[in-house]
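Structure first, commentary second.
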């Protein structure tokens, strides 16, 4: 279809006009027309491109609406690494940076380019012959995620560089962010739809950019600020960083209007203080300022150290604080049984987030700061760190306040399961003793129970444990042994073969040495070696349960702390009940775990004491250090060379001359499976 000249000219004019309004709105914060007029221009361009498809170009504003949802982000290798910056947190660290720069350059005073440190998501945008062709996140600095489709929806980023002579290649480095006003508007929309509110502008920007469906990203009010040029062909002929930024701005790429150039340490400190004062009024969130040696040749002379440039530094602002009131103190039980006091606060906006809770850490911290319900406190939040109470304003304390004692507040019982809550002498934390029973510790208990050095249930990993617990299929350890094929295959991402493999692993774990079983219980302060020593000393589980403190401390390396952990664990009726259910036969409704008599008999214990091992080659699943640790925990010794005194050589893939020598000397050879079997018998 032939496109009329009038239509072609009108489409060009509309694209230019819409691009101008995008610049006015997103970069200059000075819109000239209401949204309705902008929408009218946009719809007119859409209509022209619909009537005459030949008018549609890759740089048209209508191409920002987003395409089909992606299954996952592809990985892109950066043309140049996207390095991070070293940080300074005070004037002394800043002075040290300036001194190092001056010493390398041999100058008395250095000129620096200065700019705000945006609190967003670092991005690389590649233009080829002036057209946006690729965009990627920072990732691990060497490669990032391909977010080209999503970046194309951001109206602050030009799809076509505004220049008569576009370079063949230009990589622009910058930050995707969300302006404060847009963040508030987005949350208002979320609230009106009953959706989840975003925590802060940075999280909202990062989450919006990493949507698999670019149509969702297109609906989010994202902005962009350029701060550097990466790869370029040809390299722009500028001699300073500030000139580079002016060059980007001339091509309609947004750059910070608050940027500038200063001289020496005095200029750096003055800029830091000025931006700190202006920070609340800025249209976007920042968490510091960035300094760069302005002269590009001097930047090259300074070079890089590790994964950061020597010529640049991020000067972070102090953690933000605000005053509020503690309305209550509640407790949370963690995955390892630690009971943590948490302050419920009168909501306060601090660090870009409305804060309603703050951790109080433990009783020692509460006592040190004398924190009480009703206190007016200063709350601090820095970055993504959990908010904490910095200090108490005791002059504002209510007259009827009383000191807070965590154990008394919970009546010395775990608020989740009712088990005893105790504080051991060597710890600041207060813990729940219902390790095998407590719902809060359930997932952690299951993962530890199934780990290789415990019951060695292969296939029972984090994701599966999450499903089993969250669905209510496994509430206590014995429930693992009641799972069947139909139940397991009904879970997400669990095929029949994987389900059967797990059932086979559970079946195999029903026969286990006492040492492994004791370790699998996850008793505080009882590691692999201690579990092994306990099994050899007491011989049976029942004897261990009935032992008192004196008997326990008769075991080598078991002192008062370990003995107290054992006593607290076995004193809990919930834990004893779980142990009974684990060891009952299947006919009696139990898990049917059998503690191998050959292992728990004091007279028949097979140990590796005095046995010498040599490791050679690469084992399928164990690293050299892991295999060595396991052998040494069982009493064996690992040496580096094969001799007549060697008892076993553990052989993996690509074994070398040690294998040849072992075969000549007739030394017993073990693969990884044989090693595991030998180690299990040693328990």
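The values are calculated or read from the model by the stated rules, or taken from the named source; none is laboratory data. Predicted model, so just to flag it, every value in this text is computed and none were measured. In this analysis, Cβ positions are derived from the backbone assuming ideal geometry, glycine residues included, and neighbour counts consider all displayed protein chains.
Structure summary
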item: Qualifying residues in segment 197-220 (those that are in contact with a helix residue (DSSP H, G or I) (Cβ under 6 Å, 6 or more places away or on another chain) and not in a helix (DSSP H, G or I)) - the one farthest from residue 145 (Cα to Cα); result: 197
item: Matching entry among 260, 264, 303 (being in contact with a helix residue (DSSP H, G or I) (Cβ under 8 Å, 6 or more places away or on another chain), within 18 Å of residue 105 (Cβ to Cβ) and surrounded by fewer than 21 Cβ atoms within 10 Å (Cβ to Cβ)); result: 264
item: Residue count, segment 293-323 (criterion: modelled with pLDDT of 90 or more and in a strand (DSSP E or B)); result: 7
item: Unmet requirement for residue 463, which otherwise passes all of (1) surrounded by fewer than 17 Cβ atoms within 10 Å (Cβ to Cβ); (2) closer than 25 Å to residue 433 by Cα; result: (2)
item: The listed residue being in contact with a helix residue (DSSP H, G or I) (Cβ under 9 Å, 6 or more places away or on another chain), closer than 30 Å to residue 181 by Cα and not in a loop (DSSP other than H, G, I, E, B), out of 288, 270, 276; result: 288
item: Failed condition for residue 471, given (1) in contact with a helix residue (DSSP H, G or I) (Cβ under 6 Å, 6 or more places away or on another chain); (2) farther than 24 Å from residue 563 by Cα; result: (1)
item: Any hit, segment 221-238, residues being closer than 23 Å to residue 256 by Cα and part of a helix (DSSP H, G or I); result: no
item: Some residue of segment 178-196 being surrounded by fewer than 17 Cβ atoms within 10 Å (Cβ to Cβ), in a loop (DSSP other than H, G, I, E, B) and at pLDDT 90 or above; result: no
item: The listed residue being modelled with pLDDT under 90, assigned to a strand (DSSP E or B) and surrounded by 13 or more Cβ atoms within 10 Å (Cβ to Cβ), out of 390, 377; result: 390
item: Matching entry among 16, 6, 91, 70 (being modelled with pLDDT of 80 or more and either surrounded by 13 or more Cβ atoms within 10 Å (Cβ to Cβ) or touching a strand residue (DSSP E or B) at 6+ places or on another chain (Cβ under 6 Å) (or both)); result: 91
item: Where residue 415 falls short, out of the listed (1) modelled with pLDDT of 90 or more; (2) in the same structural domain as residue 335 (by TED's automatic domain parsing); (3) in contact with a strand residue (DSSP E or B) (Cβ under 8 Å, 6 or more places away or on another chain); (4) within 23 Å of residue 334 (Cα to Cα); result: (2)
item: Helices (runs of 4 or more DSSP H) enclosed by segment 482-594 - at least 2 residues per element that are crowded, with 17+ Cβ neighbours inside 10 Å and free of Cβ contacts under 8 Å to residues at least 60 places away in the same chain; result: 496-509, 528-538, 541-546, 560-571
item: Hey, residue 462 farther than 25 Å from residue 595 by Cα, touching a residue at least 12 places away in the same chain (Cβ under 8 Å) and under 26 Å from the mean Cα position of the chain (by Cα) or not; result: yes
item: Residue 493 vs. criteria in contact with a helix residue (DSSP H, G or I) (Cβ under 6 Å, 6 or more places away or on another chain) and modelled with pLDDT under 90; result: no
item: Total residues in segment 395-423, condition in contact (Cβ under 8 Å) with a residue 40 or more places away in the chain and outside any loop (DSSP other than H, G, I, E, B); result: 6
item: Residue in segment 630-659 that is modelled with the highest pLDDT, counting only those that are farther than 20 Å from residue 678 by Cα and part of a helix (DSSP H, G or I); result: 658
item: Some residue of segment 348-363 being under 30 Å from residue 430 (Cβ atoms), in a helix (DSSP H, G or I) and either touching a residue at least 12 places away in the same chain (Cβ under 8 Å) or under 23 Å from the mean Cα position of the chain (by Cα) (or both); result: yes
